[in-house]
1. Once phi is turned into θ = phi - 60°, what whole-Hz ³J(HN,Hα) does the Karplus curve with 6.51, -1.76 and 1.60 give for every residue of segment B:101-117, x standing for Gly and Pro?
2. Could you give me the radius of gyration and the Dmax of segment A:31-135, taking only the C-alpha atoms into account and expressing both in angstrom?
3. Just to confirm my numbers, what's the Cα centroid distance between segment A:23-94 and segment B:58-118 in Å?
4. Any idea what diffusion coefficient segment B:79-135 gets from Stokes-Einstein, in µm²/s, Kirkwood Rh on alpha carbon pairs, 10 °C, 1.306 mPa s?
5. Which chain A residue sits with its beta carbon nearest the axis carrying A onto B, and how many Å away is it, rounded to a whole number?
6. Rounded to the nearest 0.05, what FRET efficiency is calculated for B:T88 and B:Q65 with R0 set to 22 Å and r the Cβ-Cβ distance?
7. Check which residues have an amide H placed less than 5 Å from A:L97's amide H, if you skip close sequence neighbours.
8. Apply the Karplus parameterisation 6.51 cos²θ - 1.76 cosθ + 1.60, with θ equal to phi minus 60°, to every residue of segment B:26-41 and state each ³J(HN,Hα) to the nearest whole Hz, in sequence, with x for glycine and proline.
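Since every read-out is calculated from the coordinates, none of them should be taken as a lab result. Treat the numbers as computed from the prediction; the structure is a model and nothing was measured. Every residue, glycine among them, receives a Cβ derived from its backbone with ideal geometry; neighbour counts consider all protein chains shown.
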Protein chains: 2
Amino acid sequence: MDQIASKTGAYLKKLAAAGTGLENCPVRVVLAPLGSKWSPLVLQLLSERPYRFSELRRLVPDISQRMITQTLRDLERDGYVQREVLPTKPPSVTYSLTPMGHSLFDSYRHLLQWADANHDAVLAARAEFEGNQAS
Amino acid sequence: MDQIASKTGAYLKKLAAAGTGLENCPVRVVLAPLGSKWSPLVLQLLSERPYRFSELRRLVPDISQRMITQTLRDLERDGYVQREVLPTKPPSVTYSLTPMGHSLFDSYRHLLQWADANHDAVLAARAEFEGNQAS
DNA sequence: CTGGATCCTCTATGATACTG
DNA sequence: CAGTATCATAGAGGATCCAG
């Protein structure tokens, strides 16, 4: 495992220092929840303004009730999202990004923009790859 | 679905324009492969210098033979990684980042650095969240 | 050395029904 | 409205064996 420390950057060095393996990798700990199916979309939406639970559901019709709840819980758990229950009747709940959530999204945004800008190039690469496979 | 276009940014607008749903979301198309378990690590390693297959395996002991192959294939497929077979005996294969791969990693790096810098804050948020749950 | 082929397990996600 | 609980399933990932 020390080979990792000697061959790569700070992230992997900390990884090696963690001892057992990759489970404690600081990068992975933070990134793993963002790799879920709906987190990017929810973060994107909340980066604009707070939304209520039902608003988010309507904005993302494909998401199931179960998964939006879980996604929001995960984001809240990691400190990216703040949940506020308004004492109306029936109750309404708004979700908004915390300062850390906004900070995260500021970094995440670079990747989203890259993805948007290079979408076609990636699709082209895939098409060519498939073509070479066929030959 | 038009509500999405009216309420959110360019990414979701394109998403809506795609028609059927979220499967064609340009951001998701590009990001999904990066959310895999080993892609970030492999990209990180290859961003430093090219590596041979067996080198990568040794650097990341936890990865299975099957998964490193698949990860490299996926990255190659999307145009991030170039595979070169050297006519030695026995054959050796080197993997390196393409220009697009380096471009991707330049954007990805922001997120990695954020993750590294905010690792403790996220863990603290999780601990507090768990604590509140218990009460 | 580099991988392909198989089998198996576990987790993420989805569908559905129920509640304050 | 905003969830929780339960059941079902597809796909990611791991272990192992085989081959050019």
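1. Rounded to whole hertz, the list is x, 5, 4, 4, 5, 4, 7, 5, 4, 3, 5, 4, 5, 4, 4, 5, 6.
2. 17.2, 65
3. 31 Å
4. D, rounded to a whole number, is 106 µm²/s.
5. A:G35, 2
6. 0.65
7. Those qualifying (amide H under 5 Å, at least 5 residues apart or on another chain) are A:Q82.
8. Once rounded to whole Hz, the list reads x, 5, 5, 4, 7, 6, 3, x, 6, x, 5, 5, 10, 3, x, 5.
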